[in-house]
Each structure stands twice: as C-alpha cells, then as structure tokens.
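What follows is a short report on a single structure.
The values are calculated or read from the model by the stated rules, or taken from the named source; none is laboratory data. Given the structure is predicted, the values throughout are model-derived calculations rather than measurements. Ideal geometry is used to build each Cβ from the backbone, glycine not excepted, and the neighbour counts take in all protein chains shown. Remember, those area values only see protein heavy atoms, side chains included, never the ligands or the DNA or RNA. Shrake-Rupley method; radii C 1.70, N 1.55, O 1.52, S 1.80 Å.
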Amino acid sequence: MKKTPLAFLFSIIPLTLLFLLQSCGGDKGYDFDTFQEQSLDFAKNDQRIDQQEYETLVVGIGNSDDRRFQSLKTEGGEVDHAKVAAYLKKYFDAKGTNVALTDIWQPGAGTSDAGSFNVSVFLENSASMDGYVDANSTAFKATMLDLLTNLENYPATDTLNLNYINSTIIPVKAAASKTDVSDFYQNLNRGNFKSQGGKRGSSDIGEILSQILNQQKSDELSVLISDFVFSPGGKDAVRYLEGQRSQIRSEFVAALRNNPSLSVAIMQGQAQFEGTYYDRNDKPHASFAAERPYYVWLIGTAAQIQSVVDSKILAQTRNGFSNALVIQPAGNASQPPFKIQYRPRIGEFDSKSLAQGIISDAQAARDDRNKGVFEFNVAVNFSQSMQDAGYFLDSTNYKINDPNYSLKAKPITDQNDVSLRGFTHLLTLRTTDLKEEKLQIDVVGKVPGWVYASSSEDDTQIETAADEATKTFGFSYLVEGVSDAFYPRSQANPLYTIPLTIKR
C-alpha cells in the first residue's frame, strides 16, 4: 500500500485581484511595493500564504511591467515559483513575521485535504456493454488498460479496487497490482462478463448509482464505466426515464447531506461497438456496428476529483475523451483572476481604475455606426477550474445581473499578446443601456449543451437514422437527475463570480 499522501491543486480557486496603481514612472500596473505590502498583509492574517493568496500575488507579478520583478522570473519571463517563495521567506524574516517556507503554498507542493485515497472501479458488465469488448477494434479495451494503469500508478492512490457492476456489485480484486490490472484487461470479453453473474438483461442506472453511493467511504473515489443506456425491460420508456431521473436526484440529495463536498465528473469517450444493441423497447438489433459513446464517471470529494483532473490522468489517457463535465457544489462562488481590457472597445472609458475592476467615465459610442453602444472585454483565467474549457465558451452558462448586457465568450489563443498572457477566455460585454451600477457576471452550474446533443429520445431506428448511433438513449434524464440534486432550479447556483463597477 502507498502510504505517502501527495498534494496537488485541489480546490477551485477564489481569487481577488487587487492591482493598485504604481507609484512611480506613470505605470498603471501592479508594482513591487504593492506586492510586498499585499504579501505581508496576507501573512499577518494567519502566518501563512495559502493557495488563493499565492495565486493572487503571482497573477500580479505576471501582469506587471515593474522591472524589479525580473529577479522573480525565469529568463523566458515566466514566474519562477521557487524564487518567489524564497524571496517571500526572506522578506517576512526581515519584517519579523514568522512564516516558514513550508507555509508558503507552491504549485504541486501545497497542502490539500484530499491526501491519499482508495480508488474503486466499477465496470458495468450488462449485455449492452458486450459490443465494446467484442469489437475488432481494441480502442475501448486499450483505453481501459491505460486508465486503470494510470490510476494504479497515481501517487495519491492508496489502493485500487476492481469490480464489475450490474444488479449487484461483483468484487474482482481488492488492492490490485499491475499484474491484476493486466489480468482484468485480458478478461474484458463477453464470456467473462457472463461468467461474473448478476442481472445482465436490463440496466437500472438509478440502482447502480445507489449501490455505489451507499457503500462509498469518505476516503474513496469511485470510478464508474458504462454506456449508460437505459434498458426499461418492456416498461413505458418515457415514464421509466422520468422515474429514473427522480430516483437519481433523490440518491444524490441524500449523498450530499452526508458529504457536502461530493462532486461528480463525467467524461464521454468514443469506441467501436460491434454486437447486439437493445433499443428503448428492448428490441435487439443484431450485428450492429458503429462508433458509439461510453462514459467514465468519477464520484468523490471535490478535492479528490480536482487532484485527478490536475494530474492530467484523464487528459493523457489513450484515445482521450470528447466531452467532459464536472457537477460540483454551488453557492460559495469563487472569483477567478480577471482583467478588464482597455482596448478594443466601443464607446469610451478611463483606464485609471481598471486594475480594481472599475470602469470610470464610461460613455456610449456617438458615431453613426455604433451610436448608443457600449462594449468592452474582460480577460479571465479559468485554468484552475475542474470544468472543461468548453464550458466557459457557452454564453448560456453565464448570468449577468443586468439583463440589458449581452455576453459572448471565446478562447484566448494568442499568447504573444502580453495583455492576455495568463488568461484563458475573453468575455465581450455589450449594452445599449449604459448606466452606473455594480455589474456581476456569474458562471452558473447547469447541464451543458453537449449532454442534450448526445441524448436520444427514440433509438428504435438506430440502424438507419444517421446520428442515432452517436447518441445515448435517455442520457439527459440521467445527468439532469444528478444536476438537479446539486443545482436546485429555484436557486441561482453560481460557481464563479466576476464583480465589476461601471461609473459614468
């Protein structure tokens, strides 16, 4: 067993960017004196520099033109974390503030409440999964081997436990070794699936999730692998799906009461399917072959899931995943690093307070082409989020407290633009009703569009309907059940918030 817990970037980082005016040379950026004052204020609070505080300081350093910061950077101009930590330690000693070097958070070496944990894998062996392991293509099995090997080698994994699951949990190997993982991979075939037993004829996803949640311990990360195709077993499909959605919501509501930090990550993979497909009426479609979706779910604490996401285990798994979603507790929205861009813009405003998130002397455009329009950009760094980067490109995932503003989001790809360096997304805000106000942009928790695009309502014509093979029957009901537990529809459910002030 591995005994040494390692720490990683776990928490979703609420950051406050307090960029003050530089006192000399006319530069309006974050300066070295402000860096010193801010770090000392942070340290005096609790004799440490935590992750949020450290990231705030580093964003300031990275966006500053103050030449004194060169001593804290590499030759390539990147922030040198070892130099920053060493300087802070020396500075605190000179100021008589007792802060040990180990009390200064560092990327990849800070403290985390996740520590080491057990990883329990549950591979569904219902009949609907036979087509993935029987296919001539080895994509599914190769991905499983890669994923399980990565999890077994992951330093934070205490023990890796392998199970099958259908109507019951079927233990295969506790504290699996590399040899056990190899044996598990070699036995991914229809014959072994059948020999493991359980009820393979229909899939009750609600019951499968219930079994996992009811036996899961706080130091355990569950990994569920399935095609997540609902098989009603001859029942009315729509009524069955609605019942499953309600059951799944109820199961996760109960689980959240016991574990408020519970989170769920959902990855969608693609692999060749060759075999019998069972549609919503349980009608078999024999000798069906197509590229089909399957899913890997992580169920555990936010810290556990964050550690796996940050370790790149999922991103580096062979064949990868085409879509991803994290459903996490909402309510205590964190503030990501952000910066209001002075240009481009439509209309006019003063740049003197942009570092504090304040647009002053704002005026709408007066030219004939854009008369009455006020538009500006905000660069945001979502890189520390567990969410897939694509989540932040969907404007429907944002809520602005002033409905007169529209928002568009795009990825930042030009790393040669110094003003955008260190940021991942650019938000464009536009209004024709400019007024003084506190403007708040929230990123809210909800089911993203790819889930609905991947969900089928009727798979009875899967052999002839061109896009049905790429979808999963009833998948949106399943994800909605989980989402409704985390994000009640009567609440705002903010995950991140960006506060701005508009002054005229």
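Within straight-line reach of K438, meaning a Cα separation under 24 Å, sit the following lysines at least 8 residues removed in sequence or on another chain: K28, K339, K352, K371, K399, K408, K410, K503. Ranking N161, V119, L420 by how far each Cα lies toward the positive end of the dipole of the chain (charges on Cβ) leaves L420 at the top.
Calculated FRET efficiency, N416 to S383, Cβ-Cβ distance, R0 = 22 Å: about 0.75 to the nearest 0.05. For GluC sites (Glu not before Pro), the sites in the stretch 395-498 that DSSP calls loop and that have at most 16 other Cβ atoms within 10 Å are E436, E457, E463.
Taking other residues whose beta carbon is less than 14 angstrom from the beta carbon of A237, and scoring Lys, Arg as +1 and Asp, Glu as -1, yields -3. Expressed in units of 2.2 N^0.38 Å, where N is the residue count, the Cα radius of gyration of the stretch 38-185 is 1.62. If you wrap the Cα atoms of the stretch 249-302 in a convex hull and average its projected area over all directions, you get 5.1 nm². Remark: the stretch 209-291 is approximated by an ellipsoid whose semi-axes, taken from the C-alpha gyration tensor as √(5λ), come to 29, 18, 9 Å, largest first. Charge dipole (Cα centre; +1 on Lys/Arg Cβ, -1 on Asp/Glu Cβ; no other charges) of the stretch 376-457 amounts to roughly 80 debye. Computed on protein heavy atoms with a 1.4 Å probe, the accessible areas place V482, V309 in the order V309, V482, largest first. Our Cα-only numbers for the stretch 460-504 put the radius of gyration and Dmax at 19.3, 61 Å. The alpha-carbon positions of the stretch 310-403 define a convex hull whose volume is 165 Å³ per residue. When peptides 116-125, 89-98 are ranked by their average number of other Cβ atoms within 10 Å per residue, the highest-first order is 116-125, 89-98.
In terms of overall dimensions, the C-alpha atoms belonging to the stretch 364-435 reach 40, 28, 17 Å along their principal axes, ordered largest to smallest.
Between D65 and N214, the FRET efficiency estimated from the beta carbon spacing at R0 = 45 angstrom works out to 0.20. Within the same chain, aspartates and glutamates fewer than 8 places from K217 are excluded, and of the rest, those with a Cα less than 17 Å from its Cα are D113, D158, E251. Rolled with a 1.4 Å probe across the full set of protein chains, the surface gives D103 an accessible area near 60 Å².
Of the residues D414, D50, the one with the largest accessible area comes first in the ranking D414, D50, computed with a 1.4 Å probe on protein heavy atoms. Taking label positions 7 Å along the Cα-Cβ direction at both A290 and K95, the computed distance is 6.3 nm, reported to one decimal. Extents of the stretch 229-382, largest first, come to 67, 43, 36 Å (Cα atoms, principal axes, whole angstrom). Among the trypsin sites (Lys or Arg not before Pro) in the stretch 261-366, those located in a DSSP loop and surrounded by at most 11 other Cβ atoms within 10 Å of their own Cβ are K312, R366.
Give me the distance in nm between label points sitting 7 Å out from Cα along the Cα-to-Cβ direction at T159 and D394, one decimal. Taking the two extended label points, one gets 3.9 nm. Ordered from highest to lowest accessible area with the whole protein assembly present and a 1.4 Å probe, H81, H285 read as H81, H285.
Accessible area per residue for the stretch 133-200 is 42 Å², calculated with a 1.4 Å probe on protein heavy atoms, without ligands, DNA or RNA. What's the center-to-center distance, using Cα atoms, between the stretch 387-409 and the stretch 314-379 in Å? Cα centres, the stretch 387-409 to the stretch 314-379: 9 Å.
Converting the Cα gyration tensor eigenvalues of the chain into ellipsoid dimensions via √(5λ) gives semi-axes, longest first, of 46, 29, 19 Å.
Think of the chain as a dipole: +1 on every Lys or Arg Cβ, -1 on every Asp or Glu Cβ, centred on the Cα centre; then among A409, T34, V133, T34 lies furthest on the positive end.
Would you list which lysines come within 26 Å of K471, measuring only between C-alpha atoms, while excluding same-chain residues fewer than 8 positions from it? In chain and number order, the partners are K141, K194, K199, K235, K283, K446. In the chain, helices alone account for a calculated mean residue ellipticity at 222 nm of -8000 deg cm²/dmol, with every DSSP H run of four or more residues adding -39,500 (n - 2.57). For Y405, the accessible surface of its heavy atoms amounts to roughly 20 Å² (probe 1.4 Å, protein chains only, rounded to the nearest 10). Taking 0.36 nm per residue of separation and subtracting the current Cα-Cα distance, fully stretching the chain between D41 and V253 would add 72.3 nm. About the centre of its Cα atoms, the stretch 270-377 shows a dipole size close to 140 debye [charges on the beta carbon of Lys, Arg (+1) and Asp, Glu (-1) only; nearest 20 debye].
The share of Cα pairs per 10 Å bin across the stretch 304-364, counted from zero up to the longest distance, runs 15, 28, 18, 25, 13, 0 percent.
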